[in-house]
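Step one of this worksheet: look at the structure below.
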Amino acid sequence: MRRVWVILQKEWLELRQDRLILIGTFGPAIMLTLLPLLGMWAVRHAPDSPPQDDSTLAAANPALLGLTGREFGQAILGQQLSVLFFLLPLIIPSVIAAYSVVGEKAGRTLEPLLATPLRTWQLLLGKTLAALLPAVAVTWTLGGIFVLGVRSIAISPRVTDAIVSPGWVIILTLCTPLLALVTIALMVAISARVNDPRTAQQVSGVLVLPIVTVVAGQVSGRLVLNPPAALGITAILALLAALALWAATRLFGREVVLTRWR
Amino acid sequence: MGPLAIETIGLTRHFAGRAAVDDLTLTIPAGKVFGFLGPNGAGKTTTVRMLTALIAPLGGTACVAGYRLGENDEALRRAVGILTETPGLYDRLSARQNLTFFAQLYDLDSRKAAMQTERYLRTLELWGRRDDPVGGFSRGMRQKLAIARALLHEPEVVFLDEPTVGLDPEASKIVRDFVRELRAEGRTIFLTTHNLADADELCDLIGIFQGRLLHLDTPAGLRAELFGEGTRITLAGDAAPWVPTTEALSFVRSAAATGDLLTVALDAPDDQNPTLVAALVATGAPVRYVTPQEHTLEEVYLQLLGNARETRQLVGAGR
């Protein structure tokens, strides 16, 4: 494991020395945390209105039942925007892995690296952890800050309960590492064909689509992140992550990298 | 012959049905500088990659620094050092950080890693720039840093792929002197280069390769085998009249005149030159200068590749 640690340290050292990557990694994360809180703060200071009677939403999402107009506004805004949080385990590792894997290929550093006694699983694990750990740490930390923010800005505890639901917490805790793993595995796959970290990031944008689908499902009331739905999503992601990692391991063989990557 | 640093038997590697390396059988004694010459696309890099356990051969076998390919590749990689075709350095890291990182991957402890890093940065005159990001280094500095990286773990066998390419004359000389130092330390150097003057100057053995090993010999052996040995005699006037006199000498293999130059093919010029010159002078030849007939490695290389091409064409036409 010492060599894995050496890889991890090098990755983070490189990351620290590139402000653009740091901004690209953590800037959107902070924005996505502040955005729902600012929206909720604005609703808190808006004039109140009569209780909502949206039977479609309320039927699917009982947490919204009986809320006042402003409570409903805060809850619905918080619920929709809190799903954007799940973009963080996509954005953060995609930026880090793009520079860590594609950057290594573009800088022609892979061959000297593979010529050392390092085993390919050690290299892959080091690079995976280098992208995974910051993604998980930042998402969970900002998730914690978001929860505290919701608590202090929410008009009532009912609003907090509607936003910070058990389903949302399950997804935040369990799906964050899984989403990050899928992203990293995809970046490894993209690295086999792409020579520029920015292009790799753009291609990895396809990963946003499932999150957009979840947001759309929430907005339309067709999908509510209750615990069974959250656990179902977690199970699907776990399967996807296992498949993606298996594929990444196959693509990251010493021989494959040197003879087939273009 | 002493112990072998590299031994290959029938080493073969194909890509998409095309043989990049075909039946390579080669022995390189320890402590020698071996020049591996061949045109672009000849399979040199594939050979180096196989010998450094980066890719596996599809046929044949090889033993490098005492390790058989495919048996303990991790130990083999620890016993060899490689300078790849492009330096491949981390631009955002400093020279010292780059070397320390690789030293750690070769399992050097932090004290030894720091010591080796300093040693090679000083040897290759990069110590003054040790904390500067490598992204700002010139091509020559990057190349020297990559050479330092290949040596940090004190490998027995060092593979250098085009070590002087793109370097200015001063940096090239530093690298050449360094290769000599490495040989003096008893290391085996596998040198891939297109710079034939470097190869001529540095190598004990030369292999000319184009998918297959065309020739393997010392630089002098290659010259002698291809062109034979001989002497050039410059006369004060037309050399043609002296050709019959020269050819009449029993030890002369052939003689030819071009203007005032008489070219004489001999088997042992060192022993035969005094008799040859005496005979010419005795018959009144106005001898001005006597010089050995020298062929550059470039002439040898081009001749051998040309021969190989002709052979392939003949074989192709015969089918």
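The heavy atoms of A:Trp41 present about 140 square angstrom of accessible area, all protein chains included, probe 1.4 Å. Electrostatic bookkeeping for B:Gly221 treats Lys and Arg as +1 and Asp and Glu as -1; over the other residues with beta carbon under 13 Å from its beta carbon, the sum is -4.
Here, the stretch B:230-292 yields an orientationally averaged convex hull projection of 3.4 nm² when only Cα atoms define the hull.
B plus A alone minus the pair: what accessible area, both sides summed, probe 1.4 Å, in Å² to 100? Please list the in-between numbers first.
Details: alone 15350 and 13060 Å², together 25640 Å².
Roughly 2800 Å² of accessible surface disappears when B and A pair.
Among B:Lys32/B:Lys173; A:Lys10/B:Lys44; B:Lys112/B:Lys144; A:Lys105/A:Lys127; B:Lys112/B:Lys173; B:Lys144/B:Lys173, which pairs are too far apart, with a Cα-Cα distance over 22 Å? Walk me through the intermediate numbers first.
On the way: B:Lys32/B:Lys173 19 Å; A:Lys10/B:Lys44 31 Å; B:Lys112/B:Lys144 20 Å; A:Lys105/A:Lys127 13 Å; B:Lys112/B:Lys173 28 Å; B:Lys144/B:Lys173 12 Å.
Listed pairs above 22 Å: A:Lys10/B:Lys44; B:Lys112/B:Lys173.
Kindly tabulate the residues in the stretch B:74-94 with an accessible-area decrease of at least 20 Å² between the chain alone and the assembly of all protein chains, using a probe of 1.4 Å. With the partner chains in place, the stretch B:74-94 has these residues losing at least 20 Å²: B:Glu74, B:Arg77, B:Ile82, B:Thr84, B:Thr86, B:Gly88, B:Tyr90, B:Arg92, B:Leu93.
B:Glu299 to B:Ala279: extension gain in nm, 0.36 nm per residue of separation minus the Cα-Cα distance? Mind showing how you got there, number by number?
Working: separation 20, 0.36 × 20 = 7.20 nm, distance 3.09 nm.
The B:Glu299-B:Ala279 span can extend by a further 4.1 nm.
Magnitude of the Cβ-charge dipole of the protein assembly as shown, K/R +1 and D/E -1, about the Cα centre, nearest 20 debye? Could the numbers behind the result be given before it?
Values: 53 positive and 52 negative charges, 421 e Å.
With only Lys, Arg, Asp and Glu charged at Cβ, the dipole is about 2020 debye.
In the stretch A:228-262, the residues whose accessible area drops by at least 10 square angstrom when the other protein chains are added to the isolated chain are A:Arg254, A:Glu255, A:Leu258, A:Thr259; the probe is 1.4 Å and only protein heavy atoms count. In this calculation the C-beta distance from B:Glu118 to A:Asp161 is compared with R0 = 60 Å, giving a FRET efficiency of 0.45.
Rounded to the nearest 10 degrees, the inclination of helix B:297-318 to the longest alpha-carbon principal axis of chain B is 90 degrees. Share of carbon and sulfur in the accessible area of the stretch A:106-190 stands at 71%, probe radius 1.4 Å. Summed over the residues of the protein assembly as shown and divided among them, the accessible surface reaches 44 Å² per residue at a probe radius of 1.4 Å.
By accessible area, using a 1.4 Å probe on protein heavy atoms only, the stretch B:4-223 has 48% of its surface on carbon and sulfur. I need the calculated FRET efficiency for the pair A:Arg151 and A:Val206, taking r as the beta carbon distance and R₀ as 45 Å, to the nearest 0.05. So, using R0 = 45 Å, E works out to roughly 0.80.
Largest accessible area first, the listed residues B:Met141, B:Met115, A:Met1, A:Met40 line up as A:Met1, B:Met115, B:Met141, A:Met40 when surface is computed with a 1.4 Å probe on the assembled protein chains.
Can you give the angle from 0 to 90° between the axis of helix A:120-153 and the longest principal axis of chain A, with both taken from C-alpha atoms, to the nearest 10? The two axes meet at around 20 degrees. Does anyone have the angle between helix B:110-123 and the longest principal axis of chain B? Alpha-carbon axes, 0 to 90°, nearest 10? Relative to chain B, helix B:110-123 is tipped by roughly 30 degrees. Expressed per residue, the C-alpha convex hull volume of the protein assembly as shown stands at 202 Å³.
If you count the DSSP beta bridges with both ends in chain B, what percent of them are antiparallel, to the nearest 5? Can you show the working numbers first?
Working: 37 of 54 bridges.
Among the beta bridges of chain B, antiparallel pairing accounts for roughly 70 percent.
For A:Phe85, the accessible surface of its heavy atoms amounts to roughly 0 Å² (probe 1.4 Å, protein chains only, rounded to the nearest 10).
Ranking A:Glu71, B:Glu71, B:Glu156 by solvent-accessible area of protein heavy atoms (1.4 Å probe, all protein chains present), from largest to smallest, gives B:Glu71, B:Glu156, A:Glu71.
If you take all other residues with their beta carbon under 13 Å from the beta carbon of A:Pro117, and give Lys and Arg +1 and Asp and Glu -1, the sum is +3. The residues A:Leu123, A:Leu38, A:Leu207, sorted by heavy-atom accessible surface at 1.4 Å with ligands and nucleic acids left out, run A:Leu38, A:Leu207, A:Leu123 from largest to smallest. Measuring with a 1.4 angstrom probe and ignoring ligands and nucleic acids, B:Tyr301 comes out at about 30 Å² accessible.
What does the convex hull of the alpha-carbon atoms of the stretch B:162-319 project to on average, in nm²? Present the calculation step by step, with values, prior to reporting the outcome.
On the way: hull surface 53.9 nm².
So the mean shadow area of the Cα hull is 13.5 nm².
A simple spin-label model places the labels of A:Arg2 and A:Glu255 3.0 nm from each other, with each point 7 Å out along Cα-to-Cβ.
Taking label positions 7 Å along the Cα-Cβ direction at both B:Arg180 and B:Ala197, the computed distance is 1.5 nm, reported to one decimal.
The values are calculated or read from the model by the stated rules, or taken from the named source; none is laboratory data. Remember, predicted model here, so these are calculated numbers, not experimental data. Counting neighbours? That spans all protein chains shown, and the Cβs are built from the backbone with ideal geometry, glycine included. Protein only, heavy atoms only, side chains kept; ligands, DNA and RNA dropped before computing areas. Shrake-Rupley method; radii C 1.70, N 1.55, O 1.52, S 1.80 Å.
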